[in-house]
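This report refers to the structure that appears directly beneath it.
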Amino acid sequence: MIGVNRAAGFSVALGMKAIRFSSRLATLTVAGLIIGGTASMSASTHADVAVTHEDHADNGELTAEQQVEIYQATARFNDVDVAVAAGYAPAPIVECVDVEGYGGMGLHYVNLALAADGVIDPAIPEVLVYVPTADGGLELGAVEYANIDADQDLATDDDRPELFGHEFDGPMDATNPAHAGAPMPVPVHYDLHVWLYRENPDGMLAAFNPDVSCRPDAPTADPSPERVTPI
């Protein structure tokens, strides 16, 4: 649990440097690299989705210092208007992602410039993941880091990115059922979700959150301020 005093500053020291990964394909159309697809998927796709996101997933936790570094940089994006002003926009190929039996992700707001720059920086996520609320609003649930695969080969992963030592999910492309119905090519890519703002029973770094739903009448978990608790 992290102690934060918003008046006096943060109670833990920051200082993690940006983690950089080059990409020879940064000029690809990156709108398609974000996890997306239709609002729901059939049961027959569930196993494929699980394999894609769990083969290399580390559903562990970030340290207190790491959580605070991300929180300090992204808490302002709880306001969607602030995110839009910063260059994030609804992913053009994505509806609200909700897979029966696994949970949801929500709505992805992607910054295409960040998604194409080949840089993984804990303070600057490529994607913001918003959770629908019962009153029709959106709450920030997770941040997502994404990087295009350099050789566009699903059989290799020598350029798999890491965030604080945690490996990204992937590589994945348009054959991933989560991209069903995408109207444009999906480059081979890696991604990693960090559920900093919404408690995830499957782990902070799991791709899907079983307590997230795209149905406005579905019960969802409360936002998780315990991730970053005011002193």
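The values are calculated or read from the model by the stated rules, or taken from the named source; none is laboratory data. Just so it is clear, the structure is predicted and the values come from calculations on it, not from any experiment. Every residue, glycine as well, gets a Cβ built from its backbone with ideal geometry; the counts of neighbours run over all protein chains shown.
At-a-glance table
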read-out	value
Filtered residue count, region 162-189, keeping only those that are at pLDDT 75 or above and farther than 25 Å from Leu62 by Cβ	4
Looking only at region 92-148, and only at residues there that are closer than 27 Å to Gln72 by Cβ and among the charged types (D, E, K, R), the one that is surrounded by the most Cβ atoms within 10 Å (Cβ to Cβ)	Glu126
Subset of region 80-130 (residues that are within 24 Å of Glu162 (Cβ to Cβ) and charged (D, E, K, R))	Asp117, Asp121, Glu126
Sole exception among (1) at pLDDT 95 or above; (2) more than 14 Å from the chain's Cα centre (by Cα); (3) within 18 Å of Val194 (Cα to Cα) for Ala86, by number	(3)
Ala206 modelled with pLDDT of 60 or more and over 20 Å from Gly118 (Cβ atoms)	yes
Count - residues of region 136-145 that are of a type in the set (A, V, I, L, M) and at pLDDT below 95	1
